[in-house]
Amino acid sequence: MQFLFRWLIYGNFWIAFGAVGLTYANSIMIYNQVNCKLLVVVFLTTLSGYNLQRIMRGKEQNSFEIKDDWLSKNIISLAIISIVSLFICAYLFIGISLDRLLIFAPFSFIVLFYRWPILGISLRDIPFIKVLLIAFCWGFVTVFLPELFYGNEFLNNWIYILSSFLYILGITIPFDIRDMDLDNQSKKTIPQLFGKPLSCLFATAIILLSGLVFLILKQYSMFLHCLFSALIVLFSYKTRPDYYYSFILDGLLVIIPLYFLF
């Protein structure tokens, strides 16, 4: 059981299911339909992207000994999974014009250089923007990718990008609270600037703001989910066990489709 749990979490399958969850929600809210091919692409691109970060993370020094030990033993398997996932995605993208695919070039750049240094510094090490990069990518991609598969010319769905951006920002800040003592002070993360309690309140407020946007859009399922998420994030005011972050917080994304079943 522990073997499967670690592969689910450390192998980034759980967060990949989370990306599917948010994309599913945006597909239902914007287009009132779901494309299974789209969900497979979202799952595989997230899996390969996060595994790439995990592989590169192995070169860093930190205190997550169990996670690092697991990574060192499975790094080849993660690399193979990432390569196979990318090849499958390339096949699934056949038929989509190159000019539409190029829309996602900036996000590919962020994934590639999030940890890989450019001129001696990685994107995640630039002061103030670490958590913003993550929310930016999730907010845009989970709205733009569906448009590729539904044949639309990138409709004006900025309000959904904003709501997704705010939600991801809110549930990501607790991870910076967890890493507060590990991150270099030069990163200027929100917890480093304002401390853990204020950062927790800020994250909660951001999620509630996202919920307010969904309420204005009359998307009551996501509004209820934001209320539940805000309650969970309130517990991040102090450092929790790793499963709270990697399983429970990421799991908030996984369970989103459940709200649309009723």
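With respect to W7, determine if the residue is in a helix (DSSP H, G or I) and either at pLDDT below 90 or over 14 Å from the mean Cα position of the chain (by Cα) (or both).
On the way: in a helix (DSSP H, G or I): yes; either at pLDDT below 90 or over 14 Å from the mean Cα position of the chain (by Cα) (or both): yes.
Against the criterion (in a helix (DSSP H, G or I) and either at pLDDT below 90 or over 14 Å from the mean Cα position of the chain (by Cα) (or both)), W7 qualifies.
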- Out of the range 229-247, which residues are loosely packed, with under 14 Cβ neighbours inside 10 Å and closer than 19 Å to A25 by Cα? none
- Checked against (1) modelled with pLDDT of 90 or more; (2) farther than 27 Å from T23 by Cα, F175 satisfies every condition except (2)
- Filter the range 98-120 for residues that are in contact with a Leu (Cβ under 7 Å, 6 or more places away or on another chain) and part of a loop (DSSP other than H, G, I, E, B) and give the result. Y114
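Return yes when I161 is under 22 Å from Y10 (Cα atoms) and among the β-branched types (V, I, T) and no when it is not. Outline the logic, then answer.
Details: under 22 Å from Y10 (Cα atoms): no; among the β-branched types (V, I, T): yes.
Criteria not met by I161.
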- Of all the helices (runs of 4 or more DSSP H) wholly in the range 177-235, which have at least 2 residues that are among the aliphatic types (A, V, I, L, M) and under 19 Å from the mean Cα position of the chain (by Cα)? 196-216, 220-233
- Message: Please pick out the residue among F128, F165, F149, F154 that is more than 13 Å from the chain's Cα centre (by Cα), modelled with pLDDT of 75 or more and farther than 23 Å from I55 by Cα.
- Response: F149
- Message: Tell me the residue from L47, L78, L8 that is surrounded by fewer than 17 Cβ atoms within 10 Å (Cβ to Cβ) and either touching a helix residue (DSSP H, G or I) at 6+ places or on another chain (Cβ under 8 Å) or of a type in the set (G, A, S) (or both), please.
- Response: L8
- Report yes if some residue within the range 84-97 is in contact (Cβ under 8 Å) with a residue 40 or more places away in the chain and either under 14 Å from the mean Cα position of the chain (by Cα) or not in a helix (DSSP H, G or I) (or both); otherwise report no. yes
- Message: Please go through (1) surrounded by fewer than 14 Cβ atoms within 10 Å (Cβ to Cβ); (2) without any contact (Cβ under 8 Å) to a residue 60 or more places away in the chain; (3) under 27 Å from D242 (Cα atoms) for I55 and return the number of the only condition it doesn't satisfy.
- Response: (1)
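Here is a check on your reading of the model: is L22 at pLDDT 85 or above and either crowded, with 16+ Cβ neighbours inside 10 Å or aromatic (F, W, Y) (or both)?
Numbers: at pLDDT 85 or above: yes; either crowded, with 16+ Cβ neighbours inside 10 Å or aromatic (F, W, Y) (or both): yes.
So L22 passes the test.
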- Query: Does at least one position in the range 27-38 carry a residue that is assigned to a helix (DSSP H, G or I), among the aliphatic types (A, V, I, L, M), modelled with pLDDT of 90 or more and surrounded by fewer than 16 Cβ atoms within 10 Å (Cβ to Cβ)?
  - Reply: no
- Long-range neighbours under 8 Å by Cβ, at least six apart or interchain, first residue touching a residue at least 12 places away in the same chain (Cβ under 8 Å) and acidic (D, E) within the range 18-47, second surrounded by fewer than 24 Cβ atoms within 10 Å (Cβ to Cβ) and outside any helix (DSSP H, G or I): none
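Restricting attention to the range 245-262, report how many residues are within 12 Å of I171 (Cα to Cα) and free of Cβ contacts under 8 Å to residues at least 60 places away in the same chain.
Step one: filter the range 245-262 for residues within 12 Å of I171 (Cα to Cα), giving 245-246, 248-253.
Applying the additional criterion that residues be free of Cβ contacts under 8 Å to residues at least 60 places away in the same chain yields 248.
Summing the residues that are within 12 Å of I171 (Cα to Cα) and free of Cβ contacts under 8 Å to residues at least 60 places away in the same chain in the range 245-262 gives 1.
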- Item | F202 vs. criteria free of Cβ contacts under 8 Å to residues at least 12 places away in the same chain and either surrounded by 19 or more Cβ atoms within 10 Å (Cβ to Cβ) or farther than 24 Å from R115 by Cβ (or both) | no
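The values are calculated or read from the model by the stated rules, or taken from the named source; none is laboratory data. Every value quoted in this text rests on a predicted model; they were computed, and no experiment measured them. Don't worry about glycine lacking a Cβ; one is built from the backbone with ideal geometry, like all the others, and counts go over all protein chains shown.
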